[in-house]
Amino acid sequence: MKWPWQTLREAGIIGMNERNGRYIAHYNPRRLYPLVDDKLRTKQLAIEAGIAVPELYHRIAIEHDIHDGLAAKLAAHESFVVKPAKGAGGDGIIVIKGRLGEDFLRSSGARMNFADLAHHMSNILSGAFSLGGLPDQAMIEYCVEFDPVFAAVSFQGVPDIRTVVFRGIPVAAMLRLPTRASDGKANLHQGAVGVGINLLDGHTLQGVMNSAPVSHHPDTLQALAGFVVPQWDKVLRLAAQCYDLARLGYLGVDIVLDRDKGPLVLELNARPGLAIQMANGRGLRPMLEKIAAMTSLPESASDRVALALELYPEARDPTSAKA
């Protein structure tokens, strides 16, 4: 009889303890965490490096910033996103997609007035959504208009692409699709769908939702496998470039595809989750171990992407590319 842990190990699946001990603790110095845990700092690093990010409209640092003419300033924007600078997992994010009179319309269609929005930003400042509950800042930024290729497989919110990058080399990617259950957010722990992506050409594979396999989007009923993510080569290169921003060896990079602006880096994550393995139907261990054993790696992001494609299993077994 084969024990479940033996089956998972043979499939190359890594668990949380292995991820934390062998990769995060070893390759992610704690002193560098603030560079990615604070989205304002991440955004500034990306801008300095010439990497495209959603435009920051306003930074709310203290209560006075909320009541000092912010309502009039927001009148200039039909849509925008409010998020905590030090939040995690999508908590505290509000997406405003339009107006109805003096009210704001959220991506779910729910209405809220400025007093509601001000109260939410006060909660952000108090640390209600931040890591460790520490005082935080609120960001108000450009609301991405997602590429129409995702219209049939996404519900209300903006899909994003999560790529795990190890020592600067992309090792796995998945498309995260908002659902009704996730309130239009692309976060798996809130009910979004994760869809594996073939690194070689960007075509989608299988899906996972709430840790269970799915073949169709629960709201749009569209098949998840078989379509191609636009500008895939640029997405991979951007993900590899993000390693150079913070030098974290084990990194999650979230990228959105804007209809007009193209790929934009949304945020970086020093502790990316492991559901990406289920979405891709394969474990991370084979590629991670090969890269960990390398004594030297390419300097440029483009060369690191080329190495990723050489190491990717389908590069050696083309017959499984559509699996």
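The values are calculated or read from the model by the stated rules, or taken from the named source; none is laboratory data. Because the structure is predicted, anything quoted here is derived from the model rather than measured. Reconstructed Cβ throughout: ideal geometry from the backbone, glycine too, with neighbour counts over all protein chains shown. Please note that ligands, DNA and RNA were not included when accessible areas were found on the heavy atoms of the full protein model with its side chains. Shrake-Rupley method; radii C 1.70, N 1.55, O 1.52, S 1.80 Å.
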Based on alpha-carbon centroids, what's the gap between the stretch 86-149 and the stretch 160-181 in Å, whole number please? 22
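Just add up the charged neighbours of Gly133: K/R +1, D/E -1, any other residue whose Cβ is under 14 Å from the Cβ of Gly133.
Numbers: positive: Lys86; negative: Asp37, Asp91, Asp136.
Spelling it out: positives minus negatives among the neighbours equals -2.
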Top mean-square fluctuation among Val305, Val228, Val265, Gaussian network model of the chain, C-alpha springs under 10 Å? Val228
Name the residue, out of Ala293, Ala52, Ala240, whose mean-square fluctuation peaks in a Gaussian network model built on the chain with Cα pairs under 10 Å. Ala293
Taking the chain and dividing mean pair separation by its residue count, relative contact order in percent (alpha carbons under 8 Å, at least six apart): 20
Residue-count net charge about Gly191 - beta-carbon cut-off 12 Å; Lys, Arg +1, Asp, Glu -1: +1
Compute a Gaussian network model of the chain, connecting alpha carbons closer than 10 Å, and tell me which residue from His203, His216, His64 fluctuates the most. His64
How much area per residue is accessible in the chain when the probe is 1.4 Å and only protein heavy atoms are counted (Å²)? 44
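If you stretched the chain out fully between Arg99 and Ala293, how much longer would it get, using 0.36 nm times the residue separation minus the C-alpha to C-alpha distance? Please report the intermediate quantities before stating the final value.
Details: separation 194, 0.36 × 194 = 69.84 nm, distance 5.41 nm.
So the chain would gain 64.4 nm between Arg99 and Ala293.
For the stretch 84-218, which whole percent of the accessible surface, found with a 1.4 angstrom probe, sits on carbon and sulfur atoms?
Details: 2500 of 4670 Å².
Carbon with sulfur: 54 percent of the solvent-accessible area.
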Near Lys43, which aspartates and glutamates are there with a Cα under 18 Å away, not counting those fewer than 8 places off in the same chain? Glu55, Asp136, Glu141, Asp160, Asp244, Asp254, Asp258, Glu267
Just from its helices, what would the mean residue ellipticity at 222 nm be for the chain, if runs of 4 or more DSSP H residues each count -39500 (n - 2.57) and the sum is divided by every residue, rounded to the nearest 500 deg cm²/dmol? -7500 deg cm²/dmol
